[in-house]
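Following: one structure in structure tokens, then a few remarks.
Just so you know, all these numbers are worked out from the coordinates, no wet-lab data involved. Just so it is clear, the structure is predicted and the values come from calculations on it, not from any experiment. Because the Cβ atoms are built from the backbone with ideal geometry, glycine has one as well, and the counts that use them run over all protein chains shown.
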Amino acid sequence: MAPLGWAQNTWRLLLTGRHPDAAAAIRRILELAEVGNPTRVYAGYYLMILNIPDEAARIFEQEGVALGATPYGAIARFFACALKRDGEGAASNITPQLEQAAFWTEYLALFLADGYAVLGQRDPALHWLRKAMARGFINYPYLAQTDSLLNSLRGDPEFEQVLEEVKGRWCAMEF
């Protein structure tokens, strides 16, 4: 299986609570994907979800350099700064290219929401979470239960309202 396939498998494992298996799948991504492959940014994100921040930071720092001015390079540097609790540094990596990509790609908008939540910056976290939702990210179980990076928002009335909106859209889907 290619690195992107392993990334998709990791996502499924995280959603089903199979964290040891997800950690093994992340290792496989890192074995298969060379530095400079955006799939490694997803591996770093998954490490953050599993609360392995030191390894995630190392990956983000590598990929931030290797991916340069691309949106994935910018999000990698954003996450590296967020993990250091460097809000100013994180914000400096929100490039026009990243904002444009996050406008079209719900996962990049979610990544921005998560990074701002890690920094404890409620308003931009909610802004980007709403953008992710508007772009189609309506995975209620993930947002309500799995995404530990949003913990600083839990209990916030506006966040709970967003979750209710997502839940309504999620429940309206037929599987």
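Laid out as a table, the results:
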quantity	calculated
Total residues in region 27-58, condition part of a helix (DSSP H, G or I) and closer than 21 Å to residue 150 by Cα	14
Residue ID - farthest from residue 81 (Cα to Cα), chosen from residues in region 24-59 that are buried (at least 17 other Cβ atoms within 10 Å of the Cβ) and either small (Gly, Ala, Ser) or touching a Gly at 6+ places or on another chain (Cβ under 6 Å) (or both)	25
Sole residue being more than 12 Å from the chain's Cα centre (by Cα), on the phi < 0 side of the Ramachandran plot and among the aliphatic types (A, V, I, L, M), chosen from 75, 138, 49	138
Only one of 80, 56, 90 that is touching an Asp or Glu at 6+ places or on another chain (Cβ under 6 Å) and under 14 Å from residue 118 (Cβ atoms)	80
Candidates 73, 44 - the one that is in contact with an Asp or Glu (Cβ under 8 Å, 6 or more places away or on another chain) and without any contact (Cβ under 8 Å) to a residue 12 or more places away in the chain	73
Inter-residue pairs, beta-carbon under 8 Å, first touching a residue at least 40 places away in the same chain (Cβ under 8 Å) and in region 1-21, second of a type outside the set (Ser, Thr, Tyr) and part of a helix (DSSP H, G or I), 6+ apart	14/22; 14/49; 15/141
Lone qualifier among 91, 80 - being out of contact with any Phe, Trp or Tyr (no Cβ under 6 Å at 6 or more places or on another chain) and of a type in the set (A, V, I, L, M, F, W, C)	91
